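I have placed the structure first, in the form of structure tokens, so that the comments after it can refer back to it.
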Amino acid sequence: MTTTTSPQKTGSPAIGSQVRDYFERVRGGDLGALPAVIGLVVLCAVFASLSPSFLSPINFANLFTQGAGVTVIAMGLVFVLLLGEIDLSAGFASGVCAAVMAVLLTNEGWPWYLSVLAAMVTGVLIGLVLGVLVAKLGIPSFVVTLAAFLAFQGVALILLDEGTNISIRDETILAVANSNLPPLLGWAVLVVGVLIYAGIQLTQMRRRLGRGLLADSFAVIAVRVGALAVVSGVAVYVLNLERSRNPALISLSGVPIVVPVILVLLIVWTFALHRTAYGRHVYAVGGNAEAARRAGINVDRIRISAFVICSFMASIGGIIAASRANSVDPNTGGSTVLLFAVGAAVIGGTSLFGGKGRVLDALLGGAVVAVVINGMGLMGYSASVKYVVTGAVLLLSAGVDALSRKRASASGRR
Amino acid sequence: MSQAPVLELRGIDKSFGPVQVLHDVAFSVYPGEVTALVGDNGAGKSTLVKCIGGIHPMDSGEYFFAGEKVHVSGPRDAAAMGVEIVYQDLALCDNLDIVQNMFLGRERKSGLVLDEDTMEEMAAKTLAGLSVRTVKSLRQHVSSLSGGQRQTVAIAKAVLWNSKVVILDEPTAALGVAQTAQVLELVRRLADNGLAVVLISHNMNDVFAVSDRIAALYLGRMAAQVKTSEVTHSQIVELITAGRSGELGLATGNGASA
Ligand SMILES: Nc1ncnc2c1ncn2[C@@H]1O[C@H](COP(=O)(O)OP(=O)(O)OP(=O)(O)O)[C@@H](O)[C@H]1O
Ligand SMILES: [Mg+2]
């Protein structure tokens, strides 16, 4: 054979070289979660200095329940965005699903689990219809979902008898966005979660080193696990502080129940995207649909599945929103919900051009969005300002995406 | 060397809308041999290859594999028989890394979960066998590779599998002198190992250097399919440019070959 080097493949690279690689990637336009993390820090600093109550434990807890619905919808949108498609109807789809649940729960007296199931099935059916129209008929997703955006507003009105407000009284549904885990359970979940994460990382490292493959070094894993433990530890600690104005009357503390709900969704979808062939195929179709087709991947099925997942997640987002508002009305899932959800996914680092993104992005971006909504609310801005800021945030995130893509193509990364 | 062809097409027609691109094409590929497929730009070489790979459905015609009549209705069918194709446009996903591209659509799994380690090992072995130049990491995105490196990945993707037929559509187009020599050497090695190899190329020197047979397409018709040792350079050039050369080639444009 000729004098060529085969790829280096054993041992662990030094932590220094991994850090260098990371900066190289960022400079090359692969920003990843960087804008979201920086945005989060800057926004928190600004709001904290402008409004002292921003950092209070009760407001910290509010951030989670305020951002939860949008974040869940954004997690579903990631799948559609990964294919380079868009779902403009996800907001109102969540409203329709919430309305289905509310009607069955309150008007028809169904048990909560059947109502929730019905809402989720509605979401799946919506996604199926959207996906088939896009994949099989070839109508651009922009048009299909814009039409659905209008139609679903009408459907929600019909379900809610031309605009009545249905209140939710079921304890279980209300608990989702209004109750908290007992403080001890919060700590237990944290410890178990961090241990499992560390265990997975370490066994993966040992397995790869055992087979002579390149693996993350122990130091990198330690930093990752440590960062997770510190960040989530601080969060759990603050959430476990007493935040009731009148603790003698009612005690209010603990991790909001939406947090573990979101974490479970995050783990499930991250697993699906990164550890299964299905997820690999989603990325492939987003990166080069023709190459995916030639590799024998059923591109249409992947497209349809992405819309199904998106609308399914919208249904969960709708349920969370209904729980938080204690009611469903024709505006549930409307107004800025969709823009915030798309913004959340994109701010987190998911590309509007397809092929790039993670479910975790939606979570990080969702955090940014929650801070924006919350901070502006605290400072008492009017609706007009909020709309302008919403639009600006979305445009800004799309601009960062487009610029980083330009940069990436200039440096040959995309 | 008069063995049976492993892959044989008869009477293939293919149209894109009103444009007929392939007319009654017959094409045979033999194990242990390199068959060069030549023809001018737009002659229909890539289209023929895509029909073989199940990318385009054929309008009519028969497809035999190992003597059996088969029906190939998609890329998976072709891959399942052991037909691997390196496409002219490479068909790689820029946003996936080298290993992910090489196993795309045929991922190794243990249960539900992808078996990344096994895939990485196999990819490393295959690339080492192709003596790949300085790829920094197998986990590098394909978008960060040079044209030649991408071509090598595409070739490695095709030889990774226990294939019986490997078809390379202009595999050396983006390569430098040394890499071209390596690919040609690989093409020869694959054939010597008993595989049937189809090489599409515009470079007559390469064609004569490695091929055992030459098939010349002219305006969507198979002008001739001949043993390389029995023809000259100029005869092939005439077949490519005019569809006939003396005794060889199209008689009256009905696709009959000598
Ligand atoms: N998908 C398609 N739709 C319509 N026409 C096509 C399509 N693919 C190829 N053609 C036409 O078929 C003819 C043959 O194209 P093909 O790509 O097979 O040529 P080729 O022999 O591979 O040429 P080259 O040497 O330039 O690669 C061309 O006239 C081309 O325009
Ligand atoms: Mg071609």
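No lab work stands behind these numbers, since they all come straight from the coordinates. For clarity, every value in this text was computed on a predicted model and none was experimentally measured. Because the Cβ atoms are built from the backbone with ideal geometry, glycine has one as well, and the counts that use them run over all protein chains shown.
Table for the structure above
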item: Centre separation in Å (Cα based) which lies between the range A:113-136 and the range A:37-64; result: 36 Å
item: Chain B - mean residue ellipticity at 222 nm from DSSP helices (-39,500 (n - 2.57) per run, n ≥ 4, rounded to 500); result: -9000 deg cm²/dmol
item: Ranking of B:230, B:8 by count of other Cβ atoms within 10 Å, fewest first; result: B:230, B:8
item: Greater than 31 Å apart at Cα, pairs in A:406/B:50; B:45/B:157; A:356/B:125; A:136/B:136; result: A:406/B:50; A:136/B:136
item: Placed amide H near residue A:327: partners under 5 Å, 5+ positions off or other chain; result: A:168
item: Sorted by Cβ density within 10 Å, fewest first, the residues A:44, A:310, A:97, B:93; result: A:44, B:93, A:310, A:97
item: Trypsin sites (Lys or Arg not before Pro) lying in DSSP loop within the range A:132-227, provided at most 14 other Cβ fall within 10 Å; result: A:136, A:169, A:211
item: Estimated vicinal HN-Hα couplings, Hz - the range B:111-122 in sequence order (Karplus 6.51, -1.76, 1.60; Gly, Pro = x); result: x, 8, 8, 5, 9, 4, 5, 4, 4, 5, 4, 5
item: Within a Gaussian network of chain B (alpha carbon springs, distance under 10 Å), most fluctuating of B:80, B:124, B:223; result: B:80
item: In order through the range B:84-94: 3J(HN,Hα) via Karplus (6.51 cos²θ - 1.76 cosθ + 1.60), integer Hz, x for Gly, Pro; result: 10, 10, 9, 6, 4, 8, 6, 6, 10, 8, 4
item: Rg to Rh quotient for the range A:316-414, alpha carbon positions, Kirkwood Rh; result: 1.04
item: Distant-in-sequence amide H partners of residue B:109 (H built 1.01 Å from N, under 5 Å); result: B:115
item: Between 0 and 90°, nearest 10: helix B:233-242 axis offset from chain B longest Cα axis; result: 80 degrees
item: For the range A:340-406 versus the range A:137-216, the gap between their alpha-carbon centres in whole angstrom; result: 18 Å
item: Phi-based couplings in Hz for the range B:161-172 (Karplus 6.51, -1.76, 1.60; Gly and Pro marked x); result: 8, 6, 8, 9, 10, 10, 10, 10, 8, 6, x, 9
item: GNM top mover of A:348, A:138, A:16 - chain A, alpha-carbon springs below 10 Å; result: A:16
item: Selected from A:307, A:60, A:340 as most flexible by GNM, with chain A as the system and alpha-carbon contacts under 10 Å; result: A:60
item: FRET efficiency estimate (nearest 0.05) - Cβ-Cβ, residue A:157 to residue A:113, R0 41 angstrom; result: 0.95
item: For chain A, fraction of C-alpha pairs farther apart than 31 Å, in %; result: 42 percent
item: The range A:236-320: C-alpha gyration tensor shape, a/c 1.5 cut-off, then a/b vs b/c; result: prolate
item: By average C-beta atoms within 10 angstrom, highest first, the peptides A:174-181, B:23-30; result: B:23-30, A:174-181
item: Sorted by Cβ neighbour density within 10 Å, fewest at the top, the residues A:237, B:218; result: A:237, B:218
item: Three-way shape label, chain B, alpha-carbon gyration tensor, a/c 1.5; result: prolate
item: Value at 222 nm in deg cm²/dmol, rounded to 500, when DSSP H runs of n ≥ 4 in chain A each add -39,500 (n - 2.57); result: -24000 deg cm²/dmol
item: Separation of alpha-carbon centers, the range B:1-58 and the range B:138-152, rounded to whole Å; result: 29 Å
item: Relative contact order of the range A:197-348, defined on C-alpha pairs under 8 angstrom at six or more residues apart (%); result: 8 percent
item: Longest site-free stretch - chain A; sites: GluC sites (Glu not before Pro), DSSP loop, at most 14 other Cβ within 10 Å; result: A:243-414
